[in-house]
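*Asks:* Before I ask anything, let me first share the structure, which is written out below as structure tokens.
The values are calculated or read from the model by the stated rules, or taken from the named source; none is laboratory data. Being a predicted model, the structure only gives us computed values, none of them experimental. Cβ sites come from the backbone with ideal geometry, for glycine too, and all protein chains shown count toward neighbours. Note: areas computed on protein heavy atoms with side chains; ligands, DNA, RNA excluded. Shrake-Rupley method; radii C 1.70, N 1.55, O 1.52, S 1.80 Å.
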Amino acid sequence: MSQEQWNAVDRYITDHLVAPDAVLDAALEASAKAGLPAINVAPNQGKLLMLLAQLHGARRILEVGTLGGYSTLWLARALPPGGRVITLEAVPKHAEVARENIARAGLSDVVEVRVGSAIDTLPQLEKEGQAPFDLTFIDADKARTADYFAWALKLSRKGSLIITDNVVRKGAVIDAANTDANIQGMRRFYEAVAAEPRVSATAVQTVGSKGYDGFALALVTGDPK
């Protein structure tokens, strides 16, 4: 199967199951106009995030890696009254675009964008007593995914869900000799999850408009403290 066919199938899925949405389209357009990389989740993936958050009944959501806020909007739409999303973005320009997209969507009162390296901002969340989060979505620099997972677990509770994107890397994750920092970072993530007795996890390979990749789900089954 070709990338062209994967794209066509994603369009078919989106046309049938993801309703047209001017706010989400505007977020993508603003991100492209600002020169942000086109690495946001696809529309059907964004809706999957929303459905998972809704199924989980998540009231407090943490996102590691905001980009232009497209996935943030999907997650925020899953919130019940009184819910909140905190999203972490390392690049100030990306955060500025995300804030504009969030404001346009009328969600500034439930979404907080924090700027800075997640390795610095995650400990700050702990110090502020922001935990526990019901759901965490990790989609940031892949080299540090294992570190983000460790913090996500620390900021969770028994029953929390941790979702991690881009865990297959076009299949390169199985190549131990690959020196790419992103590949090695994702391999460390798998090793960390496999060695962690407080979660039950799996990963799924995906194809579509974002290419050949996958995501992982980890349910916190033990006390993360």
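*Asks:* Name the residues of segment 103-118 whose amide N is less than 18 Å from a point 7 angstrom out from the Cα of Glu128 along the C-beta direction?
*Replies:* Correct set: 103, 107-118.
*Asks:* Place the peptides 81-94, 138-151 in order of packing, highest mean first, counting for every residue the other Cβ atoms within 10 Å and averaging per peptide.
*Replies:* Ranking, from highest mean packing down: 138-151, 81-94.
*Asks:* Of (i) 12.2; (ii) 16.5; (iii) 14.2, which one was derived for mean projected area of the Cα convex hull in nm² from the structure shown?
*Replies:* Correct label, based on the coordinates given: (i).
*Asks:* Using the beta-carbon distance between Ile119 and Leu51 and R0 = 35 Å, what value does 1/(1 + (r/R0)^6) give for FRET efficiency, to the nearest 0.05?
*Replies:* Working from the Cβ atoms, E equals 0.70.
*Asks:* Using the heavy atoms of the protein chains and a 1.4 angstrom probe, tell me the accessible area per residue for segment 131-223 in square angstrom.
*Replies:* 44
*Asks:* Let me have the 222 nm mean residue ellipticity of the chain computed from DSSP H runs of 4+ only, each contributing -39500 (n - 2.57), with the sum over all residues rounded to the nearest 500.
*Replies:* Rounded to the nearest 500, it is -13000 deg cm²/dmol.
*Asks:* Can you give me the Cα centroid spacing of segment 1-61 and segment 152-211 in angstrom?
*Replies:* One Cα centre to the other: 21 Å.
*Asks:* Another question about this same structure. Ile174 to Ala19: extension gain in nm, 0.36 nm per residue of separation minus the Cα-Cα distance?
*Replies:* 52.2 nm
*Asks:* If you don't mind, there's one more thing I want to ask. If packing is taken as the average count of other Cβ atoms within 10 Å, what order do 172-180, 215-223 fall into, highest mean first?
*Replies:* So the order, starting with the most tightly packed, is 215-223, 172-180.
*Asks:* Say a paramagnetic label sat at a point 7 Å from the Cα of Ala192, along Cα to Cβ; which residues of segment 133-171 have their backbone N under 11 Å from it?
*Replies:* Within reach of a label on Ala192: 142-154.
*Asks:* Cα centroid distance between segment 82-122 and segment 131-145, in Å?
*Replies:* Centre-to-centre (Cα) distance: 14 Å.
*Asks:* With label points built 7 Å along Cα→Cβ from the Cα atoms of Gln5 and Tyr212, find their separation and express it in nm.
*Replies:* 1.3
*Asks:* Also, I was wondering about something else. Whenever you get a sec, compute what percent of the accessible area on segment 149-225 sits on carbon and sulfur atoms (1.4 Å probe).
*Replies:* It is 55 percent, rounded to a whole number.
*Asks:* Ok, one more. What are the ³J(HN,Hα) couplings of segment 220-225, residue after residue, when phi is run through the Karplus curve with 6.51, -1.76, 1.60 and θ = phi - 60°? Round to Hz, x for glycine and proline.
*Replies:* Karplus-based 3J(HN,Hα) across segment 220-225 equals 6, 10, x, 5, x, 7 Hz.
*Asks:* How far apart, in nanometres, would the label points at Ala38 and Asp109 be if each is projected 7 angstrom from Cα along the Cα-to-Cβ direction?
*Replies:* 3.6
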